[in-house]
Amino acid sequence: MILISGGAGFIGSNFVHHLIRKTSDSVVNIDALTYAGNLRNLADLDEANRHVFLHGDIRDAQLLRDTLTRYRPKAIINFAAESHVDRSIAGPQDFVHTNVLGTFQLLSAAKDYWTALNNQERDQFRFIHISTDEVYGTLHVNDAPFTERHAYSPNSPYAATKAASDHLVRSYFHTYGFPAITTNCSNNYGARQFPEKLIPLCINNALTGKSIPIYGDGNQIRDWLYVDDHCAAIQATLEQGTPGEVYNIGGWNEKTNLEVVSAVCGILDNQKPRVDGRSYADQITFVRDRPGHDRRYAIDASKIEREIGWRPAETFDTGIRKTVQWYLDNQAWVADVTSGAYRQWINKQYADN
Ligand code: NAD
Ligand code: DAU
């Protein structure tokens, strides 16, 4: 049994599907079902195919203790978080609550559970904390990519809360010998990403005839990691990672935001041409920049390749085609997640532009 937190969100739900497909493990999945969590992401799974869903919060210490006692997992993987940088700028409080206090509660319950295991179970137990390259701050164009030794320098409230959670995880290994591993990955893309993030927002706005907002000059750089590659990296880390270590995970795919959005528009032009025959790129609109916007993230993923043997399988070209096709094939999912509160967020976030 493996305990997953945040498994109704984007990466977590992809990882649950990955585990069920690739291993014989069962999953117990605790998710608070915030705006970003969606049971549709898990609709094809139930107890018959090794998935137990618990609607709950990682800040709920009693729920965590009861779940650990009942299901006795051999590993915990912490995906649960508030994950959107713009929302952290608009209102950081939920980020402190879930990312810092929630991770603390999960660590605390997990450490007590692990301490009471027998010697063999204790040796095999792992806690994997899913974190981000944003904890390292920003890079200039000519800087070397982030390695695991790069100093922490978080710039957004989101990044600061993830950095705090990473430090807590690190301290549990150093202080208690608790077998935790942290992974810091770059920008994920793929199926089931909530359309507040750049790629699914761009696809959705393009198809619904809205403007496609580019912050500032659009020359900010991100490294793009296809979510299935990320899931394979997490599984490899679970099986072969060394407790106390940190692994950076990236796609070796640095792109400017304009390159990303242009690629999406080009694929849509082929797959679902606009009725007026013009390109979706005509909908690109430059808008006010994100406050404190980090200019460039880039991941050096050579440690995980050297020590664990993982390397991404997708190029950006192959991954982005699959991603756009998934959104074209799953418009009912998009309609479902963009109803209600989503509209309020979009109206507020892009109001001044
Ligand atoms: P997401 O926002 O799509 O999903 C987060 C999930 O966590 C949701 O299902 C939500 O309901 C759940 N959740 C939130 N608060 C909770 C709480 N208090 N208790 C239980 N569940 C709660 O996020 P994502 O993009 O899938 O990111 C997953 C993890 O990966 C996060 O820790 C994020 O910081 C990290 N990460 C994401 C990316 C990316 O590009 N998406 C990149 C690097 C790191
Ligand atoms: O780097 C890893 C991080 O990647 C994760 O830790 C975060 O959880 C995840 O949300 C993501 O953060 P970003 O801020 O990089 O992702 P986002 O999709 O919000 O933005 C990607 C880039 O696109 C960024 O430079 C901001 C820009 N952008 C974004 C939006 C939503 C725009 O230009 N316009 C937009 O409307």
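The values are calculated or read from the model by the stated rules, or taken from the named source; none is laboratory data. For clarity, every value in this text was computed on a predicted model and none was experimentally measured. Please note: Cβ atoms are built from the backbone with ideal geometry, for glycine as well, and neighbour counts cover all protein chains shown. We work out accessible area using only protein heavy atoms, side chains counted, and drop any ligands, DNA or RNA first. Shrake-Rupley method; radii C 1.70, N 1.55, O 1.52, S 1.80 Å.
Assorted remarks:
- Convex hull of the stretch 1-151 built on C-alpha atoms - directionally averaged projected area, nm²: 10.9 nm²
- Summed over all non-identical Cα pairs, the Kirkwood treatment of the chain gives a radius of 20.7 Å.
- Amide H to amide H distances under 5 Å link Gly7 with Ile30, where only residues 5 or more positions off or on other chains count and H is placed in the peptide plane.
- 27 Å Cα-Cα threshold exceeded, pairs from Lys74/Lys197; Lys197/Lys348; Lys162/Lys210; Lys162/Lys272; Lys74/Lys162: Lys74/Lys197; Lys162/Lys210; Lys162/Lys272
- The heavy atoms of Thr115 offer some 80 square angstrom of accessible surface to a 1.4 angstrom probe.
- Cα coordinate range in the stretch 100-168, projected on the principal axes (Å, largest first): 50, 24, 14
- The 1.4 Å probe gives accessible areas that order Asp269, Asp60, largest first, as Asp60, Asp269.
- Two-site FRET efficiency, Asp143 against Asp276, from Cβ-Cβ distance with R₀ of 56 Å, rounded to 0.05: 0.85
- Counting only DSSP beta bridges whose two residues both lie in the stretch 155-265, roughly 30 percent are antiparallel.
- Per-residue SASA entry for Tyr71, accessible area with 1.4 Å probe, Å² rounded to 10: 40 Å²
- In terms of its C-alpha gyration tensor, the stretch 156-297 has a prolate overall shape, because the principal axis ratio a/c (a ≥ b ≥ c, square roots of the eigenvalues) is not below 1.5 and a/b outweighs b/c.
- Using a probe radius of 1.4 angstrom, the carbon and sulfur fraction of the accessible surface of the stretch 60-102 is 50%.
- Heavy-atom accessible area with a 1.4 Å probe sorts Phe146, Phe173, Phe79, largest first, into Phe173, Phe79, Phe146.
- Compactness of the stretch 1-66 as Cα Rg over 2.2 N^0.38 Å, two decimals: 1.03
- On the basis of the beta-carbon distance and an R0 of 35 Å, Arg343 and Thr115 show a calculated FRET efficiency of 0.15.
- For the stretch 271-353, fraction of C-alpha pairs farther apart than 15 Å, in %: 79 percent
- Residues of the stretch 239-265 with amide N under 18 Å of the 7 Å Cα→Cβ point at Ser302: 246-254
- Expressed as a whole percent, the proportion of Cα-Cα pairs in the stretch 177-221 lying more than 17 Å apart is 52%.
- Between Arg296 and Leu139, Ile221, the built amide H atoms are under 5 Å apart, and every one of these is 5 or more places off in sequence or on another chain.
- Extension gain for Asn49 to Arg311 (0.36 nm times residue separation, less C-alpha to C-alpha distance): 91.4 nm.
- Annotation: the antiparallel percentage among DSSP beta bridges lying fully within the chain is about 10.
- For Leu19, net neighbour charge (Lys/Arg +1, Asp/Glu -1) across residues whose Cβ lies under 13 Å away: +1
- Accessible area of Cys231 in the full protein assembly, 1.4 Å probe (Å², nearest 10): 0 Å²
- Contact order for the chain, expressed relative to its length and based on alpha carbon pairs under 8 Å spaced 6+ residues apart, stands at 17 percent.
- Note on the chain: helix-only mean residue ellipticity at 222 nm, from DSSP H runs of 4+ residues weighted -39500 (n - 2.57) and normalised by residue number, equals -12500 deg cm²/dmol.
- Residues His230, His293, sorted by accessible area with the largest first, give His293, His230 [1.4 Å probe; ligands and nucleic acids excluded].
- With a Förster radius of 25 Å applied to the beta-carbon distance between Lys322 and Thr256, the computed FRET efficiency rounds to 0.75.
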